[in-house]
Every structure is written in structure tokens, then in C-alpha cells.
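Notes to accompany the following structure.
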Amino acid sequence: MKEKKPFLAQTPVVIGLAVLCNALWGSAIPFINLGYKLFDIPSGETATQILFAGCRFFLAGALTILFASIQRRTLVHPKRKNLHMVVKLGMLQTVAQYVLFYIGVARTTSVKGAIIQGLNAFVAILIACYIFRSERMNRLKWIGGAVGVAGVVLVNLNGGSLGGGVRLTGEGFLLLSMIASACSAGTIKLFSAKEDPVALSGWQFMLGGAIMAAAGMLLGGRLHPAGIGAPAVLLYLAALSAVAYTVWALLLKYNPVSRIAPYMFLQPLFGVLLSLLLYGGENVPLLRYGAALVLVCLSIVIIGKGQQEKA
């Protein structure tokens with residue numbers, strides 16, 4: 001008799017939750033830009049941007065722990081022997097990834113930034129295969145990754161500039177941020193075998209967020225909310241991080257990285273669509289967006305077939 005898969009490893013569940021996570025992540029950049037306006041944060045105010053991000057992630061961690069503790073009727077926390085996991089994840093997934101990300105975004109074009117960010121899915125697979133060695137790379141995964149990257153490039157080529165050279169604190173920091181994000185996926189996969197992913201997610205967010213907020217304030221960052229909309233946007237950003245990262249950590253516990261990472265190619269598509277809904281737009285290139293969606297879906301299928309191949 002064939003053994004039944006765990007609930008979080010069943011295909012419909014994986015597809016639904018992975019799409020949900022990336023829809024939430026895709027909504028982050030439009031809402032971050034909205035938050036900058038409502039908190040009156042200029043594009044060059046790196047310290048205030050880091051403070052804003054720190055408040056967001058500390059609140060995300062607090063929400064994660066609060067709701068999980070209410071559901072389980074006990075305070076959710078990692079085992080004392082596993083506290084080092086919280087510190088490592090907090091420094092890698094939150095501090096390193098997002099400090100580099102916020103600085104890099106401010107110093108590169110939106111087109112190049114979105115394309116670099118979209119490479120995250122493929123890099124996560126490469127790192128899982130070649131650094132953590134939790135699975136094997138094969139021809140189909142290479143092909144699927146290349147197809148997904150093509151979809152990301154297609155959705156972001158909208159007359160923006162790909163020129164202007166490369167700067168360490170611009171494109172360089174975005175690439176380093178992407179690598180930190182990909183490494184965190186492998187680290188979560190490794191740690192979740194020994195510790196509750198919800199506890200890890202919540203407490204690493206609180207630790208990383210507190211460090212970022214303190215650093216932002218020490219560097220002179222200050223927040224000036226304008227009206228009730230400002231805290232509402234901050235709360236939404238915190239909630240999306242709490243939900244998306246916690247669900248993603250649970251998916252990583254029960255699935256190989258290559259099975260869920262390809263859904264990250266959907267992030268730019270969700271981001272573009274939400275930006276159009278929030279800010280409007282004329283002459284929307286539906287054909288190009290449709291072709292990009294087809295490429296991303298094809299990438300998910302190809303990499304999924306590659307994951308099923310026996311090593």
C-alpha cells in the first residue's frame with residue numbers, strides 16, 4: 001500500500017500555498033513604496049528605510065508568535081539548545097538579506113533590480129544542490145531555471161534601462177541579498193528538521209527586526225507617519241511577512257527546495273499586476289505579460305519533472 005504524503009507535501013496544497021506566499025511577496029514592493037510616501041521617507045534616506053524595515057519585521061515576528069501561541073495555548077519558542085538557529089537565521093534571512101536589499105534598491109534601476117530579484121528562485125535551487133547538497137541538479141532543472149529567468153526578464157523589460165554599469169552598492173548588493181535569501185532557504189530546510197519552523201520564523205524576525213530598527217535609529221533614521229494609512233500599511237507589510245515566511249518555512253520542512261522554489265518566479269508578475277491596480281497604467285502589454293506567465297508556469301512544470309527524476 002502506497003504511503004500517504006503529509007498534508008503539506010500534497011500537490012494541490014503545495015501549489016495553493018506556494019502561490020499564496022509569492023502573491024504576498026509580490027505585493028511587498030508596491031506597498032513598501034506606498035509606505036515610503038505615507039511615512040515621508042525620501043529615496044536616499046537609507047537609515048530611515050532600514051528603520052522602517054526593522055519595525056516591519058519585528059512586528060511580523062511578534063504577530064507570528066502571538067497567533068501561534070494563541071492557537072496552541074502556550075508560548076511558542078525554540079528549544080534552548082536551538083537558540084543558535086534563531087540567531088543565525090535572524091542575521092542571514094532578515095538582517096543581511098534586507099539591509100543589502102534596501103541599500104541596493106536605492107542605487108539601481110527598477111528594471112535591473114526586479115530582474116536580479118527574480119533570479120532568486122533559480123539561485124535557491126543551485127545553492128540547495130551544490131552548497132547544501134540536499135538534492136541533485138539535473139538537465140531539466142537547468143532548463144526550467146533558464147525558462148523561468150526568461151519569464152522574469154520578459155515581464156520587466158518595459159523600456160527601462162539595463163545600462164549604466166554595475167555598482168557594488170547597487171546591483172552588487174542586490175546580488176548579495178539574493179544569495180543571502182537563497183542560503184536562508186537551505187538553512188531553514190536544515191534547521192526545520194530539528195526545530196519548529198513557526199518558532200524559528202517568528203523569533204528570527206523579532207531578533208533581526210530589532211537589530212535593523214536599532215541600527216536605523218543610531219544612523220539617524222526617523223519615522224513620521226502621516227495619517228491612519230501609514231500604520232495600516234506597516235501592519236499589512238508585517239502581516240504578509242508573518243504569513244508568507246511561516247508558510248514557506250513549513251513547506252520547506254516537507255518538500256525539496258526544487259519543488260517549491262520555482263513558484264518564486266511568480267513574484268514579479270504579482271508585483272507588476274498589483275502596481276497596475278494601485279497606480280494605474282495605460283497601454284498595458286497584456287500579450288507580453290501573458291507570455292511571461294506561460295514561461296513561468298512552464299518553468300515550474302519542467303523543474304517539477306526534474307525533481308521527480310531519479311538521481
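The values are calculated or read from the model by the stated rules, or taken from the named source; none is laboratory data. Predicted, not measured: the structure shown is a model, and the values here were computed from it. Cβ coordinates were reconstructed from backbone atoms using ideal geometry, including for glycine residues, and neighbour counts include every protein chain displayed. Side chains included, ligands, DNA and RNA excluded: accessible areas come from the protein's heavy atoms. Shrake-Rupley method; radii C 1.70, N 1.55, O 1.52, S 1.80 Å.
Data for the structure
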{"read-out": "Near pairs, Cβ below 8 angstrom, 6+ apart or cross-chain, from region 163-184 (more than 21 Å from Asn22 (Cα to Cα)) to any residue that is among the charged types (D, E, K, R) and modelled with pLDDT under 75", "value": "Arg167/Arg107; Thr169/Arg107; Gly170/Arg107; Glu171/Lys112; Phe173/Arg107"}
{"read-out": "Checking Val99 against (1) hydrophobic (A, V, I, L, M, F, W, C); (2) open to solvent by less than 50 Å² (accessible area, probe 1.4 Å); (3) not in a helix (DSSP H, G or I), the condition it does not meet", "value": "(3)"}
{"read-out": "Some residue of region 198-212 being out of contact with any helix residue (DSSP H, G or I) (no Cβ under 7 Å at 6 or more places or on another chain), at negative phi and without any contact (Cβ under 8 Å) to a residue 60 or more places away in the chain", "value": "no"}
{"read-out": "Residues located in region 174-222, provided they are among the β-branched types (Val, Ile, Thr) and under 25 Å from Asp40 (Cβ atoms)", "value": "Ile211"}
{"read-out": "Helices (runs of 4 or more DSSP H) (entirely within region 193-311) containing at least 3 residues that are open to solvent by 40 Å² or more (accessible area, probe 1.4 Å)", "value": "197-218, 229-254, 267-279, 286-308"}
{"read-out": "Any hit, region 40-55, residues being part of a loop (DSSP other than H, G, I, E, B), surrounded by fewer than 14 Cβ atoms within 10 Å (Cβ to Cβ) and not polar (S, T, N, Q)", "value": "yes"}
{"read-out": "The lone exception for Tyr36 - which of (1) touching a Gly at 6+ places or on another chain (Cβ under 9 Å); (2) in a helix (DSSP H, G or I); (3) open to solvent by less than 40 Å² (accessible area, probe 1.4 Å) it fails", "value": "(1)"}
{"read-out": "Test: Lys5 is assigned to a helix (DSSP H, G or I) and of a type outside the set (A, V, I, L, M, F, W, C)", "value": "no"}
